[in-house]
Amino acid sequence: MTAREEVLARIGAALGGSAPDGSSPGGTAPASVAPAADAVPRGYRTQGELDVSVLLDLLAERLRDYGCTVRRAAPGEVMTAVAEAVGQRGARRVVVPPGLDLAGLPAGVDAIAGDGLSPAALDAVDGVITGAAVAIAETGTIVLDGSPGQGRRALSLVPDYHVCIVRAKQVVALVPEALARLDPARPLTWISGPSATSDIELDRVQGVHGPRTLEVILVSPEPHQ
């Protein structure tokens, strides 16, 4: 048996007796046999069943597991939470993308428009504050898509400190639910905790490919939700 035949045989066994190209395990593939559309089981979950409060608790737990700071806030307390975050960080110059209403930043904190700033200029600011497109509770992932309030991709990748405001209506349970809300043509940035990487000796380093510190303001549902 050749290596190719062995690989096809293993794939065929996993699929219940036939390889993806329609051949029998270990056999020769027919010239043109398309696999059946239902050859691959697709019984994965596509819809979560958790209520909103449990969903938010799960997201907060996952984010903390990744090393994020999570601040819970009522809808009318978002600016208080933001002020506490940047104040404790000591941030004085923060980038705020167009479309994100942050009226009432603490005295001494300058909001800087992010459009047109070079990577070097973004690296020199104290942080960035953005909104989000969607958040996935089960994986602890936040997705930005460049919509108003989120800004271009560089804003969430270059500054060393990122405050992200996530509202209850943006939180879903599972990845398929998030995909259903997202436009694949937009520039999607998937964030699961602060940027971190490990070298061959497994020494963990944060901040290499994005912010070293991620704080999430998790906003409770509106009273009517």
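Of the Cα atoms belonging to the range 165-225, the radius of gyration and Dmax stand at 15.6, 52 Å. Heavy-atom accessible surface of the chain, averaged per residue, reaches 54 Å², computed with a 1.4 Å probe.
In the range 98-149, inverting the average of 1/r over every pair of distinct C-alpha atoms gives 13.1 Å as the Kirkwood radius. With kT/(6 pi eta Rh) evaluated at 10 °C and eta = 1.306 mPa s, and Rh the Kirkwood radius from Cα pairs, the chain diffuses with a coefficient of 79 µm²/s according to Stokes-Einstein. As a fraction of the 1.4 Å probe accessible area of the range 41-157, surface on carbon and sulfur atoms comes out at 49 percent.
GNM remark for the chain: springs join alpha carbons under 10 Å apart, and the peak mean-square fluctuation among Glu77, Glu215, Glu61 falls on Glu77. Only alpha carbons enter this Debye calculation for the range 110-210, each as an equal point scatterer, and the log10 of I(q)/I(0) it gives at q = 0.14 Å⁻¹ is -0.58.
The values are calculated or read from the model by the stated rules, or taken from the named source; none is laboratory data. Since the structure is predicted, the reported quantities are computational estimates derived from the model, not experimental observations. SASA here: full protein model, heavy atoms, side chains in, ligands and nucleic acids out. Shrake-Rupley method; radii C 1.70, N 1.55, O 1.52, S 1.80 Å.
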